[in-house]
Amino acid sequence: MVRPVRFAYNEETASNNAFQKKDDTQGGAQTIEQQAVREFDAYVAMLRDQGVEVQVLQDTEEPFTPDSIFPNNCFSTHIDVLPGTSVKQRTLVIYPMYAHNRRDERGKLLKALMKEKFDKIVDLSILEQEGKFLEGTGSLILDREHHIAYACVSPRTNPVALKIWADEMNYRYVLFDGTDDNRQPIYHTNVMMHVGSRYAIVCLEAIADQSQRQTVIDSLHATGKEIVNISFDQMRQFAGNMLELRNSEGKKILVMSATAKHSLTSEQLSILEQDALIVAPDIHTIETAGGGSARCMIAEKY
């Protein structure tokens, strides 16, 4: 997780992120920045209190990276057993980013990551030169157990880039068109969908094409996932933006924001609470100005 400096509403990303809101009543840029830091620190403390190991990277003032608080778009890490062997391979994937001012985030993150050992590095950032983008686990919802990636097409999720990634990573993928209730493309798959070890949270009505919707449902059911369907209104409140973690004792932790939790029905909450402990930080300022939520703030390290 990246502790922010100069967190702000990003004009570059707002063009295709309908979740961002520019609210001039919040007290100005300095107030937004200060509140974002408070929300971040409280979120980290909540995770650590539940036994989750969190590595915090402190952002720097320069270069200016207003969205550095969302590191999951820049990179992902993987541990896989090489086919036909028992040898484990640790892989780092570097992703092509849509917004120019988000590409500087990569440099900061890679400086820290390169201190660690990886057996393989897949650098897809060169695809930016072709205008093809794939923004990490924002674009990709990964079922790591079954090597399946779910992705909705958007300016930040290019089908060609997805195929290149899938070929490199030995994944199959389920590609679909995801739109909001105004029929605008959903900028990141992870605001409409989450796949955990037992449950999948999906805004099914965001997949207007019935054939595509059924393909998603069939794939989830075939891999033993029970679907919790959320509405457009719940999606707008980040109910699709969740992440399943495990703490130091192996207990399941389901992360979502307080906004997302409050949007869920008592029946939906009961289903999820029977499977995992819910951690739901109040990150309203980050959600409003940044257009991302609790899942976006975590980059998993394997």
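The values are calculated or read from the model by the stated rules, or taken from the named source; none is laboratory data. Since the structure is predicted, the reported quantities are computational estimates derived from the model, not experimental observations. Cβ sites come from the backbone with ideal geometry, for glycine too, and all protein chains shown count toward neighbours. Side chains are part of the model used for accessible areas, which takes the heavy atoms of the whole protein and leaves out ligands, DNA and RNA. Shrake-Rupley method; radii C 1.70, N 1.55, O 1.52, S 1.80 Å.
Taking a quarter of the surface of the convex hull around the Cα atoms of the chain, what do you get in nm²?
If I average the Cα hull's projected area over directions, I get 15.2 nm².
Under a 10 Å cutoff between Cα atoms, tell me which one of Ala99, Ala36, Ala260 has the largest fluctuation in the Gaussian network model of the chain.
In this elastic network of the chain, the residue with the biggest mean-square fluctuation among Ala99, Ala36, Ala260 is Ala99.
Write down the accessible area per residue of region 158-273 in Å², having rolled a 1.4 Å probe over the full set of protein chains.
43
Would you pull out the residues with amide H under 5 Å of Arg246's amide H, same chain only if 5 or more places away, H placed 1.01 Å from N?
Ile253
For the chain, what does the helix formula give at 222 nm: sum of -39500 (n - 2.57) over DSSP H segments with n ≥ 4, over the residue count, nearest 500 deg cm²/dmol?
That comes out to -8500 deg cm²/dmol.
Place a point 7 Å from Cα of Ala45 in the direction of its Cβ. Which residues in region 276-302 have their backbone N less than 16 Å from it?
280-284
Between Ala222, Ala208, Ala151, where does the largest GNM mean-square fluctuation fall for the chain, given springs only between Cα atoms within less than 10 Å?
Between Ala222, Ala208, Ala151, it is Ala222 that shows the largest mean-square fluctuation.
Tell me, what is the percent relative contact order of the chain, built from C-alpha pairs under 8 Å that lie six or more residues apart?
Relative contact order of the chain: 21 percent.
Can you spot the lysines whose alpha carbon is less than 18 Å from Lys117's alpha carbon? Ignore those fewer than 8 places along the same chain.
Cross-link targets: Lys88, Lys108, Lys301.
For region 139-173 and region 215-234, what is the separation of their Cα centres, given in Å?
The two parts, judged by their Cα centres, are 17 Å apart.
With a 10 Å cut-off between alpha carbons and a GNM built on the chain, which of Thr288, Thr77, Thr85 moves the most?
The residue with the greatest mean-square fluctuation here is Thr85.
State the antiparallel share, in %, of DSSP beta bridges confined to the chain, rounding to the nearest 5.
50
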